[in-house]
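Before any comments, here is the structure.
The values are calculated or read from the model by the stated rules, or taken from the named source; none is laboratory data. Keep in mind that this is a model prediction, so the values were computed, not measured. Ideal geometry is used to build each Cβ from the backbone, glycine not excepted, and the neighbour counts take in all protein chains shown.
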Amino acid sequence: MKLTIHHLFMATGLLLGATTAHAALPGEATLYKNPQCGCCDGYARHLERMGIDVTIVDDKDLSAVKRAAGVPYGMGACHTVMMGDYVIEGHVPLAALEALFEQKPDTSGIGLAGMPSGTPGMPGPQTEPYEVYQFQDHQDAPFMTL
């Protein structure tokens, strides 16, 4: 196969595009979880694969962490992540994280309630759309559907 200058520009563009998406993400995060939760560790590994240095805090009083972060009642998940200026509640997929840090909306954070199948850290296929919400002062609003 003969490589042309066109091929080189295309390859360079693909590489730059792949790194640009992750460039908006902070380099560090703190994940609060229960000590026994393995899927939370799976989410931490997911963030680490994206180049984020994750500090894990095994905290038995997650409800206090969630209240202080402004997570709406009934919209919680098994872990809470502090990343940059935002709170990430639960197994939020990469596309939503990228959108959050690229758009930088005036919100406290985003979340995905429960522990949906197929999300980062959770086994199985996606069985329904992921309804990612944004929140501030314990009030939620839609953010995006994946």
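When GLY27 is evaluated against the numbered criteria (1) at pLDDT 95 or above; (2) closer than 19 Å to GLY121 by Cα; (3) touching a strand residue (DSSP E or B) at 6+ places or on another chain (Cβ under 8 Å), which criterion, by number, is the only one it fails?
Single failed check for GLY27: (2).
Let me spell it out: the conditions are (1) assigned to a loop (DSSP other than H, G, I, E, B); (2) crowded, with 19+ Cβ neighbours inside 10 Å, and THR80 meets all of them except one. Which number is the exception?
(1)
Does TYR86 qualify as being exposed (fewer than 13 other Cβ atoms within 10 Å of the Cβ), among the hydroxyl-bearing types (Ser, Thr, Tyr) and under 17 Å from PHE135 (Cα atoms)?
Here the answer is no, as TYR86 does not meet what is asked.
So if I check each of ASP59, ASP85, which one is of a type in the set (Asp, Glu) and at pLDDT 95 or above?
ASP85
Filter the stretch 111-143 down to the residues that are surrounded by fewer than 20 Cβ atoms within 10 Å (Cβ to Cβ), on the phi > 0 side of the Ramachandran plot and touching a Cys at 6+ places or on another chain (Cβ under 9 Å) and list them by number.
GLY114 - this is the single residue of the stretch 111-143 that is surrounded by fewer than 20 Cβ atoms within 10 Å (Cβ to Cβ), on the phi > 0 side of the Ramachandran plot and touching a Cys at 6+ places or on another chain (Cβ under 9 Å).
Is one or more of the residues making up the stretch 90-100 over 17 Å from VAL65 (Cβ atoms) and free of Cβ contacts under 8 Å to residues at least 40 places away in the same chain?
Checked against the condition, which is being over 17 Å from VAL65 (Cβ atoms) and free of Cβ contacts under 8 Å to residues at least 40 places away in the same chain, the stretch 90-100 yields no hits at all.
Show the residue pairs that are 6+ apart or on different chains and have beta-carbon atoms under 6 Å apart, the first residue being within the stretch 121-134 and closer than 20 Å to ASP41 by Cα, the second being assigned to a loop (DSSP other than H, G, I, E, B) and not acidic (Asp, Glu).
GLY121/HIS91; MET122/HIS91; MET122/MET115; GLY124/SER117; GLY124/GLY118; PRO125/GLY118; GLN126/GLY118
Quick one: count up the residues across the stretch 116-141 that are assigned to a strand (DSSP E or B) and closer than 17 Å to LEU94 by Cα.
Total meeting the criteria: 4.
Considering the stretch 91-115 alone, what residues qualify as being in contact with a Phe, Trp or Tyr (Cβ under 8 Å, 6 or more places away or on another chain), within 17 Å of VAL54 (Cβ to Cβ) and in a loop (DSSP other than H, G, I, E, B)?
Result: HIS91, PRO93.
GLY74 - would you say it is in a loop (DSSP other than H, G, I, E, B), out of contact with any Ser or Thr (no Cβ under 8 Å at 6 or more places or on another chain) and either free of Cβ contacts under 8 Å to residues at least 60 places away in the same chain or not hydroxyl-bearing (Ser, Thr, Tyr) (or both)?
yes
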